[in-house]
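The values are calculated or read from the model by the stated rules, or taken from the named source; none is laboratory data. All of these numbers come straight from a predicted model, not from anything done at the bench. Don't worry about glycine lacking a Cβ; one is built from the backbone with ideal geometry, like all the others, and counts go over all protein chains shown. All accessible areas refer to the heavy atoms of the entire protein, side chains included, with ligands and DNA or RNA removed. Shrake-Rupley method; radii C 1.70, N 1.55, O 1.52, S 1.80 Å.
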Amino acid sequence: MLSQKIAEDYADVLLWGLFTARSRPFKNNDLILVRFDWDGLVVAEALQKKILEQGMNPVVRLLSTAVMERQFYELAGDKQLVHIAPGDEELYRNLNGNIALLAPQSLRHLSHIDPSRMARFAVSRKKFRDIMDERESDGRFGWSLGMVPTQALAREAGMSFPAYFRQWAGACYLDREDPVGRWKETYARAQKIKAWLNGLDIEKLHVESKSCDLWVHLGRQRKWIGISGHNIPSFEIFLSPDFRHTSGIYYADQPSYRLGNQVSGVRLEFTKGVVTKVSADQGEDFVKKQLAMDKGASRVGEFSLTDRRLSPISRFMANTLFDENFGGKQGNCHLAVGSSYADTFAGDPSELTPKKKQSLGFNDSALHWDLVNTERKTVEATLLSGEHLVIYKDGEFTLP
């Protein structure tokens, strides 16, 4: 069902995303890593061709299959679990771009694995994220993330494959004559929303829904970002708040798949910036072990809102890339526990040293896990002037 034309169009959109996401232009001989699951091969082939035509150097790597992942976590000894292959760090220190193309064969194949083993693996790879964050902050690196539909995704989402494919294509504008042109239009609309939010001088937000009663403090030198090319699709507007002052209750009514595990009904209670109570209808033990991965895993790294008028996604897709951008009738907000995004810093990126990040309340962790709430909600901002303003209601931003 993934025709050559659709594969070519998606490759064009992902490259638009990559070029838009990086603060400096790409140039000849830049090094672009393309990582892909097997079912995304036809798009990966198109990406390689287009990167070569741009005069850049693609490094193409197949991601582990479900069988490979299961074997690794079942059989790897303690040293094998954290082993870093020679050359990996050198590669990441020289990368100028990274496109990851997910097409999972299974979403439950690691459900029997001790979550602490997966956490140890993730912590051992955090150095690569730190390298990419550092390179991105000074304009030497950009990234984009995409997904190709699979039977496993459709099955977990409770849809036929043709219905899932249509939802995917519509969300990426691949059902349009000019997908890249449509993304440029959405990018322009998002710029207006971000400019409005960033001009409000917000101190804190109060998020209220049927199951949420949460206070999020933005912190100093923050900016709202989003629809920047990093994810295709992406309709969210978000920032990384000062985690130290998060308080109240957050509930994720959308299920979430992570590391071969499904969780649902996750309820988190925050006190002075840290999760102090955890419950879940499904996968509670997994959630608790993920939040114990490291010191920052139980803190907030991101707060996000999606306007339903921007997003054509109207179904649960069993994939965070799509579910965190859910539009539907009420839009969504999502909260990410774990690492923050340095590019939501409003100052000079070169000044955001680890010490300054800590002083401003940017969270640091090997974890970044988006948990989505699609309930009808109101988000009220308290401005630095003391004024109160509803900025989001019934799935829409309230800008004039």
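Matching residues to (1) under 30 Å from Arg22 (Cα atoms); (2) part of a loop (DSSP other than H, G, I, E, B); (3) in contact (Cβ under 8 Å) with a residue 40 or more places away in the chain:
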residue: Val207; (1), (2), (3): no, no, yes
residue: Val216; (1), (2), (3): yes, no, yes
residue: Arg220; (1), (2), (3): yes, yes, yes
residue: Ile237; (1), (2), (3): yes, no, yes
residue: Tyr251; (1), (2), (3): no, no, yes
residue: Tyr257; (1), (2), (3): yes, no, yes
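Considering each of Trp224, Trp143, Trp168 in turn, give the residue that is of a type in the set (Phe, Trp, Tyr) and in contact with a Ser or Thr (Cβ under 8 Å, 6 or more places away or on another chain).
Within the list Trp224, Trp143, Trp168, the selection yields Trp224.
Give me the pairs, please: first residue somewhere in the stretch 346-357 and in contact (Cβ under 8 Å) with a residue 12 or more places away in the chain, second residue anywhere and open to solvent by 60 Å² or more (accessible area, probe 1.4 Å), beta-carbon distance under 9 Å, and either six or more positions apart or on two chains.
So the pair list comes out as Ala346/Asn198; Ala346/Arg220; Ala346/Gln221; Ala346/Lys223; Gly347/Gln221; Pro349/Ser23; Leu352/Gln221; Lys357/Asp364.
For the stretch 32-56, how many residues meet the condition of being open to solvent by 30 Å² or more (accessible area, probe 1.4 Å) and under 23 Å from the mean Cα position of the chain (by Cα)?
4
Condition test on Gly386, is it free of Cβ contacts under 8 Å to residues at least 24 places away in the same chain, open to solvent by less than 50 Å² (accessible area, probe 1.4 Å) and not charged (D, E, K, R)?
yes
Could you please find all residues in the stretch 290-306 being surrounded by 19 or more Cβ atoms within 10 Å (Cβ to Cβ) and hydrophobic (A, V, I, L, M, F, W, C)?
Selection gives Leu291, Met293, Ala297, Val300, Phe303, Leu305.
Tell me yes or no: at least one residue of the stretch 61-79 is under 19 Å from Phe141 (Cβ atoms), outside any helix (DSSP H, G or I) and either of a type in the set (A, V, I, L, M, F, W, C) or touching an Asp or Glu at 6+ places or on another chain (Cβ under 8 Å) (or both).
no
Can you tell me how many residues in the stretch 204-216 are open to solvent by less than 40 Å² (accessible area, probe 1.4 Å) and not small (Gly, Ala, Ser)?
Of the residues in the stretch 204-216, 6 are open to solvent by less than 40 Å² (accessible area, probe 1.4 Å) and not small (Gly, Ala, Ser).
Let me confirm something: among Val275, Val287, Val263, which residue is surrounded by 23 or more Cβ atoms within 10 Å (Cβ to Cβ) and in contact (Cβ under 8 Å) with a residue 24 or more places away in the chain?
Step by step, each of Val275, Val287, Val263 is checked, and only Val287 is surrounded by 23 or more Cβ atoms within 10 Å (Cβ to Cβ) and in contact (Cβ under 8 Å) with a residue 24 or more places away in the chain.
Considering each residue of the stretch 131-164, count those that are more than 30 Å from Glu89 (Cβ to Cβ) and out of contact with any helix residue (DSSP H, G or I) (no Cβ under 8 Å at 6 or more places or on another chain), and give that number.
Number of matching residues: 5.
Hey, among the residues in the stretch 1-21 that are open to solvent by less than 20 Å² (accessible area, probe 1.4 Å) and in contact with a Gly (Cβ under 6 Å, 6 or more places away or on another chain), which one's farthest from Pro149 (Cα to Cα)?
Among residues in the stretch 1-21 that are open to solvent by less than 20 Å² (accessible area, probe 1.4 Å) and in contact with a Gly (Cβ under 6 Å, 6 or more places away or on another chain), the one farthest from Pro149 (Cα to Cα) is Ala21.
(1) under 20 Å from the mean Cα position of the chain (by Cα); (2) open to solvent by less than 30 Å² (accessible area, probe 1.4 Å); (3) closer than 30 Å to Asp9 by Cα: which one isn't true of Leu63, the others all being true?
(2)
Check off (1) modelled with pLDDT under 95; (2) assigned to a helix (DSSP H, G or I) for Ser359 and give me the number that stays unchecked.
Exception for Ser359: condition (1).
Kindly evaluate Phe121 against the criterion of being among the hydrophobic types (A, V, I, L, M, F, W, C), at pLDDT 95 or above and farther than 23 Å from Leu2 by Cβ.
yes
May I ask you to say which residue of Arg309, Arg244 is part of a loop (DSSP other than H, G, I, E, B), touching a residue at least 12 places away in the same chain (Cβ under 8 Å), of a type in the set (D, E, K, R) and open to solvent by 50 Å² or more (accessible area, probe 1.4 Å)?
The unique qualifying residue is Arg309.
Give the residues of the stretch 79-114 that are at pLDDT 95 or above and of a type in the set (Asp, Glu), sorted by residue number.
Of everything in the stretch 79-114, those that are at pLDDT 95 or above and of a type in the set (Asp, Glu) turn out to be Asp88, Glu89, Glu90.
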